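What follows is calculated from the coordinates using simple rules that are stated; it is not laboratory data. Small disclaimer: the values here were computed from a predicted structure and weren't measured. No Cβ is skipped: glycine too gets one built from the backbone with ideal geometry, and neighbour counts run over all protein chains shown.
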Amino acid sequence: LFKNIIISFKIERIKLLAENKKIFDYLDCYDCLLYDEIKKGGSNMLTNQIHGIALRLSIDNQNGIDPATVLNLHFEKEKEINDWVYYSTNVSQDSRLTDRISMIVFFFKQGTEKKYIKADVVGEVLCSKTPFIPENKDEVKRHSPKIFSDEERKTWYKIQNLQVMDEVELSNYVYRRNDTFELEPLNETLQRSRFSKCYFESKIEVKNKLI
């Protein structure tokens, strides 16, 4: 009962913000209910600010490979073919947001050290509620590390330009909190253990200030 009261309160708050043109057209997977409620309300005041998605990596459940090795295999494949590579995962991607993802940030721990790797997302993001392999099997084999090319996954990103990034660079991006809609530096957001993924925006920089 208490949970339902909280959800109802958040829905009403979101609708109010939408009416005042302050809400942004995205929410994380655990708040999809709220997103759907706004859509049902017919709001046409939503804006599109998403720049990318951040994904927490851990030991790959299907083959037991650690995050650093997974990314190194993709980096090696990118250099081998001098082109984009497929990165596939069973982390669900909201199909309503796929055309707004232009960047992906992978984050994980290597020992006690936090690691952040970024990549450009190019082309269409393919996703489904159930694991699959894209129809063009020849393309999948050419653009995937061999160990992953025959594995069915829920989401397939085409990525390129894999690069290490630090927390200073991460602070150029922001996450909009679901509870208050306040902006939070992405490097702070990714410290919280509850996140397996989150969508983020580019920070708006003003070089010539009036006030």
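Here are the numbers:
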item	result
For segment 63-148, the spread of Cα positions along each principal axis, largest first, Å	38, 29, 24
Highest average packing first - 126-137, 159-170, Cβ atoms within 10 Å	159-170, 126-137
Protection proxy ranking of 145-153, 49-57, 103-111 - average other beta-carbon atoms within 10 Å, highest first	49-57, 103-111, 145-153
Extended-chain gain in nm, criterion 0.36 nm per residue less alpha-carbon gap, D166 and S95	22.6 nm
Extension gain (nm, one decimal) between T112 and D66, 0.36 nm per residue minus Cα-Cα	15.1 nm
Computed lengthening from N136 to I81, 0.36 nm per intervening residue step minus Cα-Cα distance	18.1 nm
Entries of K109/K203; K79/K203; K79/K129; K115/K158; K129/K197; K141/K203 with Cα pairs more than 28 Å apart	K79/K203; K79/K129; K141/K203
Net dipole in debye of segment 48-170 [+1 Lys, Arg Cβ; -1 Asp, Glu Cβ; about Cα centre; nearest 20]	240 debye
